[in-house]
Amino acid sequence: MNESQVAFIVLYLIYIAVTVLFHNTCFAYPFRLLTTFLHEISHALACWLSCGSVRAIRVFNNEGGVTQYVGGCRVLIIPAGYVGSAIWGSLFVMFSGGKRTATGVAGTLVGLLLISLCYAPNRTMVLLNLGYAVVTSVFIYLEWAVFSPILNYVVLFYGAFVGIHAIFDTYQDTIRRTVLRSDAYACYEQCPCCLPKCVGIQWGLLNVALQIFGVWVALMQ
């Protein structure tokens with residue numbers, strides 16, 4: 001393991017520690033809302049990929065969200081929320097190491113933040129999306145015009161926080177308790193042979209694996 005890999009691991013572990021220690025504080029609130037947005041946009045992406053139509057994407061200040069859609073493949077759309085946010089966390093970690101890769105994934109995030117504003121957003125989501133779009137765009141500009149590296153650190157933090165919060169959310173909402181209107185219960189209704197908590201355990205293990213995979217790929221680059 002070379003010096004850059006050691007530095008990456010140390011910084012990643014610091015970000016994980018910060019995420020765990022401050023997870024339920026006001027400091028982490030904007031990042032928890034970002035994870036909610038990525039959860040909802042993942043539902044929307046799955047809907048579009050399965051030829052459905054998205055009518056509204058909304059994020060609420062209580063950290064909940066909803067994606068209203070018509071058509072599409074529900075078997076694909078339902079699990080896309082919890083698994084999708086974990087995939088985003090993995091991608092942020094995975095592509096945080098290089099200047100071009102970090103810019104690419106950050107630019108993709110900015111694009112999705114702005115595109116989703118075309119789908120009947122509520123006030124909280126408008127403020128959230130515009131705020132993150134501006135802040136992330138500023139870091140992209142600083143990376144290329146002022147100082148480098150800086151965007152890499154921001155993208156890695158996004159990845160660490162979103163990935164860990166996705167795991168925590170999956171545990172709280174689908175494993176620790178059973179909520180009748182949760183994605184896990186909706187998945188159970190589509191496939192009655194798999195109980196909601198069993199669905200949650202599968203998502204949780206997949207989410208952990210995705211975060212580990214993101215770290216492994218980042219170290220291999």
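The values are calculated or read from the model by the stated rules, or taken from the named source; none is laboratory data. What you see is a predicted model; the values in this text were computed from it and never measured. Virtual Cβ from ideal backbone geometry, glycine too; neighbours counted across all protein chains shown. Surface accessibility is based on the protein's heavy atoms, side chains included, excluding ligands, DNA and RNA. Shrake-Rupley method; radii C 1.70, N 1.55, O 1.52, S 1.80 Å.
Do we have PHE139 as closer than 25 Å to VAL215 by Cα and more than 17 Å from the chain's Cα centre (by Cα) here?
Working: closer than 25 Å to VAL215 by Cα: yes; more than 17 Å from the chain's Cα centre (by Cα): yes.
Judged against the criteria, PHE139 is a match.
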Failed item, numbered, when CYS118 is tested on (1) within 14 Å of TYR158 (Cβ to Cβ); (2) more than 15 Å from the chain's Cα centre (by Cα):
(1)
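Okay, residues lined up against (1) in contact with a helix residue (DSSP H, G or I) (Cβ under 6 Å, 6 or more places away or on another chain); (2) of a type in the set (Ser, Thr, Tyr); (3) in contact (Cβ under 8 Å) with a residue 60 or more places away in the chain:
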position: ILE16; (1), (2), (3): yes, no, yes
position: THR36; (1), (2), (3): no, yes, no
position: CYS51; (1), (2), (3): no, no, no
position: VAL75; (1), (2), (3): yes, no, yes
Residue that is β-branched (Val, Ile, Thr) and farther than 23 Å from CYS118 by Cβ, where the choices are ILE57, ILE14
ILE14
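Run down GLU40, GLU63 and say which single residue is in a helix (DSSP H, G or I) and acidic (Asp, Glu).
So the residue among GLU40, GLU63 that is in a helix (DSSP H, G or I) and acidic (Asp, Glu) is GLU40.
Determine whether the range 35-53 contains at least one residue that is in contact with a strand residue (DSSP E or B) (Cβ under 7 Å, 6 or more places away or on another chain), crowded, with 21+ Cβ neighbours inside 10 Å, at pLDDT 95 or above and aliphatic (A, V, I, L, M).
Yes, because at least one residue in the range 35-53 is in contact with a strand residue (DSSP E or B) (Cβ under 7 Å, 6 or more places away or on another chain), crowded, with 21+ Cβ neighbours inside 10 Å, at pLDDT 95 or above and aliphatic (A, V, I, L, M).
Does TYR153 satisfy being of a type outside the set (A, V, I, L, M, F, W, C) and crowded, with 19+ Cβ neighbours inside 10 Å?
Details: of a type outside the set (A, V, I, L, M, F, W, C): yes; crowded, with 19+ Cβ neighbours inside 10 Å: no.
In short, no.
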Would you mind finding the one in THR136, THR103 that is open to solvent by less than 50 Å² (accessible area, probe 1.4 Å), touching a Leu at 6+ places or on another chain (Cβ under 8 Å) and under 18 Å from TYR29 (Cα atoms)?
THR136
For SER4, work out the one condition from (1) assigned to a helix (DSSP H, G or I); (2) surrounded by 14 or more Cβ atoms within 10 Å (Cβ to Cβ); (3) over 15 Å from the mean Cα position of the chain (by Cα) it doesn't fulfil.
(2)
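Residues are listed down the side, and each one gets a yes or a no for (1) of a type in the set (Phe, Trp, Tyr); (2) over 18 Å from TYR171 (Cα atoms):
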residue: TYR29; (1), (2): yes, yes
residue: ARG32; (1), (2): no, no
residue: SER53; (1), (2): no, yes
residue: PHE60; (1), (2): yes, yes
residue: GLU63; (1), (2): no, no
residue: VAL75; (1), (2): no, yes
residue: ALA86; (1), (2): no, no
Residue check, ARG74 against (1) farther than 30 Å from ILE16 by Cβ; (2) open to solvent by less than 50 Å² (accessible area, probe 1.4 Å); (3) not aromatic (Phe, Trp, Tyr), all met but one. Which one?
(2)
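Does SER96 satisfy the condition of being farther than 26 Å from ALA186 by Cβ and in contact (Cβ under 8 Å) with a residue 40 or more places away in the chain? Can you show your working first?
Numbers: farther than 26 Å from ALA186 by Cβ: yes; in contact (Cβ under 8 Å) with a residue 40 or more places away in the chain: yes.
Yes; evaluated as a whole, the condition is true for this residue.
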Being open to solvent by 10 Å² or more (accessible area, probe 1.4 Å) and not aliphatic (A, V, I, L, M) is the filter; apply it to the range 156-175 and report the residue that is modelled with the lowest pLDDT.
ASP173
So which of THR170, THR174 is in contact with a Phe, Trp or Tyr (Cβ under 7 Å, 6 or more places away or on another chain) and closer than 30 Å to THR101 by Cα?
THR170
Of those in the range 176-221 that are without any contact (Cβ under 8 Å) to a residue 60 or more places away in the chain and among the charged types (D, E, K, R), the residue surrounded by the most Cβ atoms within 10 Å (Cβ to Cβ) is LYS197
